[in-house]
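Here's the structure we're looking at; comments come further down.
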Amino acid sequence: MTQPGFGSSDRDGSPGSFPSPLAQPSLTPPAPITPSHVSPTPLRAPAPRRSGRSAPILIGAVLVILLIGLVGYFLTFLGTGASLLGAILALIPLAGVLLAIRLVDRWEPEPRSLIVFALAWGAIAAVAISLGVDLFLSLLFGPRDSYAAEVFQTVVQAPVVEEFAKGLGVLILYAIGRRAFDGPVDGIVYGALVGAGFAFTENIQYFAISYLEGGVGEASATFFVRGIMSPFAHVMFTSVTGFALGLAARRGATTGQAIGPWLLGLAGAILLHAFWNGSAVFTDFFSVYLMLQVPLFLVFVIGIIALRREESRLTRNRLGEYAAAGWFTPQEVDMLATPAGRKAGLEWARTLRGDRTPIMKTFIADATALAMARQRAISGRDPHAASDEQALLAKTAAARQALLSL
């Protein structure tokens with residue numbers, strides 16, 4: 001089939017061998033793609049079914065109840081003024097973290113319902129679980145005022161309890177949103193969102209207590225350490241858990257099969273968290289921060305960039321299979337599956353009559369979702385992948401026709 005293309009490239013879009021150890025293994029024979037014999041015509045296609053992508057109503061109700069309890073806790077023990085000040089200060093690092101997560105998630109954005117659930121779990125449920133365990137241990141063992149008890153609480157109890165509480169949320173996301181949990185990048189995004197939510201609520205408490213105990217000066221110092229120097233600490237910890245679950249998703253693991261990888265990721269998150277807290281207890285925090293924490297963060301960023309490139313290669317390979325069946329041209333695969341191609345495509349769409357940038361954005365998003373649906377079909381982990389594929393093929397065909405119409 002011959003159709004107009006976008007851009008130009010001397011590369012073909014055909015799939016090949018996987019280029020890196022992180023690339024997706026083929027677990028089952030690929031499902032056949034219906035060849036395209038005629039030019040697509042505009043149509044209004046039904047949206048793919050997304051069962052399981054919204055948090056169950058019961059979990060939502062529990063989160064609301066826990067939120068009411070947390071608000072009551074802060075107002076009772078910290079007061080309205082200090083709590084409000086802490087919340088305002090906590091919003092500043094949260095905004096920066098969410099912007100960074102958005103940049104990571106731009107290639108194939110996650111469903112909004114799951115994004116909201118991830119933030120809510122971290123900010124409400126994970127904090128409530130941590131406070132509940134702390135209260136239970138205090139009632140069980142009494143006041144813990146010794147140095148050894150403080151060290152244990154900081155280096156052992158907090159990392160174990162908090163990472164378990166946050167990691168449980170990521171595991172629930174894996175269970176209820178399996179069709180949106182496609183690989184390591186998705187796992188990092190969900191883990192980072194849970195961690196960001198947890199850090200937000202925890203920061204409210206730290207900033208409020210600092211203000212009550214030492215006024216503006218103490219609150220400013222705490223804000224500098226937690227809001228400026230280490231806003232990504234909890235994000236990094238829980239991202240390790242999410243990364244492990246993302247690898248499990250890439251291999252088509254069920255929720256039960258993912259428990260093992262989840263435990264391994266959870267162990268890594270706990271160790272990283274304990275190392276971070278221990279650096280503040282046993283050593284000079286600022287020296288360790290500069291010599292180890294900053295390089296560790298840079299390694300984390302480099303790893304995310306590498307995974308994003310892998311995601312781009314995966315999209316290119318899957319769309320190349322559709323190109324071989326006549327649904328796209330090789331040039332269109334270049335446009336849809338490369339950052340430079342997407343940028344050029346959007347610039348070209350702006351020059352069309354009426355500015356067709358929104359149509360191009362829809363075309364890119366649907367084509368990426370199509371590639372992910374194809375990946376789920378190959379791994380055999382989604383019985384609805386074939387219906388998603390047909391609906392998305394219709395949507396991309398309609399968007400393509402709208403872009404090329406005079």
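Laid out as a table, the results:
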| item | result |
| --- | --- |
| Qualifying position, being within 21 Å of P184 (Cα to Cα), touching a Leu at 6+ places or on another chain (Cβ under 6 Å) and in contact (Cβ under 8 Å) with a residue 12 or more places away in the chain, among L314, L307, L370 | L370 |
| Leading residue by the ranking (farthest from I172 (Cα to Cα)) among those in the stretch 241-257 that are among the aliphatic types (A, V, I, L, M) and in a helix (DSSP H, G or I) | L247 |
| Hits in the stretch 227-260 (condition: among the basic types (K, R) and surrounded by fewer than 21 Cβ atoms within 10 Å (Cβ to Cβ)) | R251 |
| Matching option when the condition is at pLDDT 95 or above and either assigned to a helix (DSSP H, G or I) or not assigned by TED's automatic domain parsing to the domain that holds L85 (or both), among V155, V151, V170 | V170 |
| D186 touching an Asp or Glu at 6+ places or on another chain (Cβ under 7 Å), surrounded by 15 or more Cβ atoms within 10 Å (Cβ to Cβ) and assigned by TED's automatic domain parsing to the domain that holds S239 | yes |
| Subset of the stretch 142-164 [in contact with a Ser or Thr (Cβ under 8 Å, 6 or more places away or on another chain) and of a type in the set (D, E, K, R)] | R144, E162, E163 |
| Residue within the stretch 258-273 that is at pLDDT below 90 and outside any helix (DSSP H, G or I) present | no |
| Selection count where residues are among the small types (G, A, S), in a helix (DSSP H, G or I) and farther than 30 Å from Y174 by Cα, scope the stretch 352-406 | 4 |
| Counted residues, the stretch 71-86 - those being touching a residue at least 12 places away in the same chain (Cβ under 8 Å) and assigned to a helix (DSSP H, G or I) | 6 |
| Which listed residue, of S220, S210, S130, S146, is buried (at least 21 other Cβ atoms within 10 Å of the Cβ) and more than 30 Å from P109 (Cβ to Cβ) | S210 |
| Residue in the stretch 315-322 that is within 17 Å of D182 (Cβ to Cβ), hydroxyl-bearing (S, T, Y) and in contact with a helix residue (DSSP H, G or I) (Cβ under 6 Å, 6 or more places away or on another chain) present | yes |
| Which numbered condition L103 misses (of (1) in contact with a Phe, Trp or Tyr (Cβ under 8 Å, 6 or more places away or on another chain); (2) in a helix (DSSP H, G or I)) | (1) |
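The values are calculated or read from the model by the stated rules, or taken from the named source; none is laboratory data. If you're wondering where the values come from, they're calculated on a predicted model, not measured in any experiment. Quick reminder, even Gly has a Cβ in these numbers, built from the backbone with ideal geometry, and neighbours come from all protein chains shown.
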